[in-house]
Each structure stands twice: as C-alpha cells, then as structure tokens.
1. Please arrange SER82, SER71 by counting, for each residue, the other beta carbons lying within 10 Å of its beta carbon, fewest first.
2. What ranking do 37-44, 22-29 get when scored by the average of other Cβ atoms within 10 Å per residue, highest first?
3. Pulled fully out, how much extra length does the chain show between ALA40 and VAL167, if you take 0.36 nm times their separation in residues and subtract their Cα-Cα distance?
4. Whose amide H sits under 5 Å from the amide H of VAL101, counting only residues 5 or more places off or on another chain, with H placed in the peptide plane?
5. For the chain, what number of Lys pairs, 8 or more residues apart or on separate chains, have alpha-carbon atoms under 19 Å from each other?
6. Would you mind checking which residues have amide H under 5 Å from SER71's amide H? H placed 1.01 Å from N; only 5 or more apart, or other chain.
7. From the backbone phi of region 115-120, what are the Karplus-calculated ³J(HN,Hα) couplings (6.51 cos²θ - 1.76 cosθ + 1.60, θ = phi - 60°) in whole Hz, Gly and Pro given as x?
8. Apply the Karplus curve 6.51 cos²θ - 1.76 cosθ + 1.60, θ = phi - 60°, to the phi angles in region 134-142 and return the couplings in whole Hz, x for Gly and Pro.
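What follows is calculated from the coordinates using simple rules that are stated; it is not laboratory data. All figures in this text were calculated on a predicted structure; none of them were measured in a lab. Cβ atoms come from the backbone with ideal geometry, glycine included; neighbour counts cover every protein chain shown.
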Amino acid sequence: MVLTIEKYGAPALRQKGARIESVTPAIRKLIADMLETMHAHKGIGLGAQQVGVPVQLAVIDVCGATDRPSSLELNGAPADVSQFMPLVLINPQITPVGAPVTGPEGCLSFPEIYADISRPEVVDVTALNAQGEPIRFRCGGLLARAVQHETDHLHGILFIDRMTTEVKAQLRPDLDLLRAETKAGEK
C-alpha cells in the first residue's frame, strides 16, 4: 500500500524513532508499504518518520540512480550493490570513515527542493535486516549519502539541518511556502 509522505512542517518528521526490538508482522507490513511508497514516488530512500511512524526503520534502493555511483564492501571485499537492493535497515548505526564531500541531495518530504550537503564519503553501517538479522557493511558514494540521510530521519534530523546558512537562506522562501502548505493541510 502506498502511504502518505509527511511534508516539511509535519511534527512526525522531528520525532526520534524508537528502537525496533523484533520484526513483527506489523513491522514486515510497514517495510513492504515503505518500499512500495518509495518506489511509487521514485525515491532512493525513505525513513519511517516520513510516513508518520516514529521507529528506527529505513528502506533504500539506489539501483535506479545511474548518474551517481555507489560502492559496497562486505567483509572487506567489494560487493555488487544491485544484489543488495532494496536495502532494509533496522536500528542502523553509522560510523564515518571517509572525509566529507559535498553532493546534491533531495528529499521526498521536500518536493522540488535540492541542495548540496556535506557528508562523509564512506561510512561503516551496522543494522538489522528485514529478517531481524545483523548486517555490517561499508559503503560509499550515493549509497553512503542515502544511508546517512535516512539515518538522520530516524533521529528527527532533516537535510535542511545539514545545509550551510547561505544555502538555507536562499531556499527560505520555498521552505516557508512548503511549511505553510503543510500546516494548512493539517487543519
């Protein structure tokens, strides 16, 4: 089922996600619905807060993005990113490995708003998968950016929080309009 995506200004986007202690039927359904929602909106990632559920769950699929490469390492060896998509991350923890690089980002909760954001180029990730099994990997490029962006969502952090003051000032009219539209829709 395609879920409604919360837009900037919705309180759900600022909620910190609760840890998921077990993969229940309700969590399995949420995973399936989030994947369907992400693909329906042509996104590469979606955090549970974006569909109004404050838990530590994100889904990612970078296969459709051919303009920005991704890298993946399992047990120190390169792996085929496409073999691991879509990726489900439960209770993810990330450790920066590479130096920060600036790159373009967008967000399904901020339609038509894009900005360059600085994030570590490579990160180590520890999480549970859709079956509740531990996974560990190192990723770079677009996948690393998506993992960091979605993990931020799980802690109530939005990509506008990572923007420079100058970029945020340039986008202020668009952000104010989006927030006003969101608030008007809540009434």
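1. Fewest to most other Cβ atoms nearby, the residues stand as SER82, SER71.
2. Final packing ranking: 37-44, 22-29.
3. 42.8 nm
4. For VAL101, the qualifying residues are ARG119, GLU121.
5. 5
6. HN-HN under 5 Å from SER71: GLY140, GLY141, LEU142, LEU143, ALA144.
7. 7, 7, 10, 8, 9, x
8. x, 10, 9, 7, 10, 9, x, x, 4
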